[in-house]
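Visitor: I'd like to ask some things about the structure below.
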């Protein structure tokens, strides 16, 4: 296993982004003259795959909504609302200690803000490479063999399939277990920490 790589998604996989998403959503719908949903209701809807057009109630407002969303979603004051999922930092260190390179592959658009956030969270040194693809496809960079891809959305599963590598979908991110199962990952895990523990655990005894 040493010398291989694991592709790791960021938002939803390593980070709990609920507060940031709700804060930006609230700011955007407030600018449209609407009252925002409570955080719990918004997150439940997003995990079920409900689109912004349905949440806004008027598709004609999508353009104005996304103008605010794109401008604010990676602003420093909003990024400061993110928190690491429990055990995520330790799981990254475990990969490093086992000689496995953790490559962060994210749809973020601002590499500088991303690097600052990772340093502030204390996980940058546990990542061998950080790749921000923006609106592009999630294609892993060239390098040593990829052992596994760990993410929390259908896009992660599709990216892993395109790369021909096994994928674990974590269920504490932005999609429910049911939606993720429909995309047919190799397995589901309750968290990134659990996925890494499973990956690093020695195989059980074979049939006798």
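Every number here is computed from the coordinates shown, using simple stated rules; none is lab data. The structure displayed is predicted, hence computed values, not measured ones. Backbone-built Cβ (ideal geometry, glycine too); neighbour counts: all protein chains shown.
Visitor: May I ask you to derive the relative contact order of the chain, considering only C-alpha pairs under 8 Å and at least 6 residues apart, and to give it as an integer percent?
Guide: Result for the chain is 28 percent.
Visitor: Pop a pseudo-label 7 angstrom from the Cα along the beta-carbon direction at both residue 184 and residue 37 and give the gap in nm to one decimal.
Guide: Simple spin-label model gives 3.0 nm for this pair.
Visitor: Does anyone have the angle between helix 154-163 and the longest principal axis of the chain? Alpha-carbon axes, 0 to 90°, nearest 10?
Guide: The answer is roughly 40 degrees.
Visitor: When the chain is modelled as a GNM with alpha-carbon springs shorter than 10 Å, which of 144, 177, 166 fluctuates the most?
Guide: Fluctuation is largest for 144.
Visitor: Also: By count of other Cβ within 10 Å, fewest leading, how are 150, 174 ordered?
Guide: 174, 150
Visitor: What is the helix-to-structure angle for 18-31, meaning the angle in degrees between its Cα long axis and the longest Cα principal axis of the chain, kept from 0 to 90 and rounded to the nearest 10?
Guide: Computed tilt is about 20 degrees.
Visitor: Let me ask another. I want to check the label-to-label distance for residue 71 and residue 19. Put each point 7 Å from Cα in the C-beta direction and report it in nm to one decimal.
Guide: Rounded to a tenth, the inter-label distance reads 2.4 nm.
Visitor: Between residue 80 and residue 200, how many nm apart are label points set 7 Å from Cα along the C-beta direction?
Guide: It is 3.2 nm.
Visitor: May I ask you to derive the relative contact order of the stretch 18-79, considering only C-alpha pairs under 8 Å and at least 6 residues apart, and to give it as an integer percent?
Guide: It comes to 46 percent, rounded to a whole number.
Visitor: Arrange 26, 137 by Cβ neighbour counts within 10 Å, fewest through most, would you?
Guide: 137, 26
Visitor: Here is a follow-up. Add -39500 (n - 2.57) for each DSSP H run of 4 or more in the chain, then divide by its residues: what number comes out at 222 nm, to the nearest 500 deg cm²/dmol?
Guide: Using -39500 (n - 2.57) per qualifying helix, the result is -12000 deg cm²/dmol.
Visitor: Here's another thing I want to ask about it. Post the alpha-carbon centroid distance, the stretch 48-122 to the stretch 1-20, in whole angstrom.
Guide: 10
Visitor: Which values of log₁₀ I(q)/I(0), to two decimal places, follow from the Debye formula for the stretch 18-79 at q = 0.22 Å⁻¹ with a uniform point scatterer at every Cα?
Guide: Once normalised to I(0) and log-transformed, intensities are -0.90.
Visitor: How big is Rg to Rh over the chain, alpha-carbon atoms, Rh as the Kirkwood inverse-mean-distance radius?
Guide: Ratio of gyration radius to Kirkwood radius for the chain: 0.99.
Visitor: If you don't mind, another one. So what are the three principal axis dimensions of the stretch 126-194 from its Cα atoms, in whole Å, longest to shortest?
Guide: Projected onto its principal axes, the Cα set of the stretch 126-194 covers 32, 25, 21 Å.
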